[in-house]
Amino acid sequence: MTNKPILCSAGGALPRILTLRGQKVILDSDLAAIYGVPTKVFNQAIKRNLKRFPEDFMFQLTPDEYAGLTSRLALSTAQAMRSQTVTASEKRNIRFRPYAFTEHGAVMAANLLRNDRAVQMSVFVVRAFVMMREQLLNRAELEKRLAEIEKSLMSHDAALRDLYRKIRPLLLPPPDPPR
């Protein structure tokens, strides 16, 4: 288990949520840390209850996904200049590829663990997923509104160009009268 402080709020769990295969997920090591159990114990509980975890609740990362994830984690670690602190995901045994849990899988895992901390923290994990979903919806609405504004500006731009073409002759000085 890791010695780093556990993030006890929905906002604190947000950085642990990743996008893999087009889904928002959280890795087994991060869930184990949040729920206060070692990753090995967490994964053993999951393996004993695999029927509760269909593919839309949990999946194991492919070697390519894991390689991409570890390189991203190494970059973020280097960028953050955290030379001595290593997250649970970064010090994982490379023989075992991590499992990724969707929102529903994270809740199901908390139900399996049955310790007080898991029950308490599952609320924060669900809130983090909900918060992320709301942010994505707000962003989609904002993008839609920006597209409408851009469309409106383009039509105004064409109208202004047409108006300028019509007014321009009036703005030019009159031609010199013939001599």
Problem - region 104-179 - Rg (one decimal) and Dmax (whole number), Cα, Å - result: 30.4, 103
Problem - Gain in span if fully extended, R179 to R133, counting 0.36 nm per residue against the direct Cα distance - result: 8.8 nm
Problem - Burial order of peptide ranges 45-52, 167-174 (average beta-carbon count within 10 Å, highest first) - result: 45-52, 167-174
Completion exercise
Quick shape check on region 24-74: root eigenvalues a ≥ b ≥ c of the Cα gyration tensor, a/c under 1.5 is rounded, otherwise prolate if a/b tops b/c, else oblate, and it reads oblate
Practice task
Leaving ligands, DNA and RNA out of it, rank D157, D28 by accessible area with a 1.4 Å probe, largest first.
Solution key: D157, D28
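The values are calculated or read from the model by the stated rules, or taken from the named source; none is laboratory data. This is a predicted model, so every value here is computed, not measured. Note that we place each Cβ from the backbone using ideal geometry, even for glycine, and neighbour counts take in every protein chain shown. All accessible areas refer to the heavy atoms of the entire protein, side chains included, with ligands and DNA or RNA removed. Shrake-Rupley method; radii C 1.70, N 1.55, O 1.52, S 1.80 Å.
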